[in-house]
């Protein structure tokens, strides 16, 4: 049971109760859950309540209006200034062990006191954020923004092409651009001038003009 006078925020456009198949996460404005100190966000594992964080630094200092969860990471949006002991204006992520800020966060220059997040939504690669702010990641972004998770790039074994080059099949991420570099010894890298934007889960082929396939390849995310 949540503490007296607790408020659980929930409506069709704001998801403040969400789960990952193992745990249920509840956000709102409260101080305890099942007798456990839990500042505005708590976890129910089917048997017990627990906080996200330890001691006085658990949860957020304020209200949670929106929650989203994926791969053990819990995203919390609302009206607060800190998550755990980390300064976080309205948006933070619980990694499973600690609270983190997403990049440089969001803000409303000149009126920091009104910055808040009202809604969160996830797809396979991105977190979408809606609320009261003018910047996200130090970029102009009025009231809506997207946070892109670290991309996963799968490089399959190369195959030779008819012109002596080698073809590297790639699995990539929606709308992301990479620059690819190749090496034989992890010290000297050869830049490849190809950039790609490719669909989620689609396989594309990078043609590398080299007489021999390199042992290593790395993709560097472009701004």
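Derivation of every value follows stated rules applied to the coordinates shown; laboratory data play no part. Quantities reported herein were computed from a predicted structural model and do not represent experimental measurements. FYI the Cβ positions are ideal-geometry reconstructions off the backbone, even for glycines, and counts take in every protein chain you see.
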Handout entry: For 107, 123, order by how many other beta-carbon atoms lie within 10 Å, fewest first
Key = 123, 107
Exercise for the section: For a footprinting-style exposure proxy, rank 65, 75, 128 by other Cβ within 10 Å, fewest first. Expected result: 128, 75, 65
Handout entry: Average Cα contact separation per residue, segment 7-148, under 8 Å, 6 or more apart, as relative contact order %
Key = 16 percent
Handout entry: FRET efficiency, residue 100 to residue 187 (Cβ-Cβ, R0 22 Å, nearest 0.05)
Key = 0.10
Practice task
Kindly put 100, 18, 140 in sequence by how many other C-beta atoms sit within 10 Å of each C-beta, fewest to most.
Solution key: 140, 100, 18
Handout entry: Spin-label proximity, residue 144 to segment 67-83 - amide N less than 12 Å from point 7 Å beyond Cα toward beta carbon
Key = none
Completion exercise
Sorted on mean Cβ neighbours within 10 Å (highest first), peptides 36-47, 76-87 come out as 76-87, 36-47
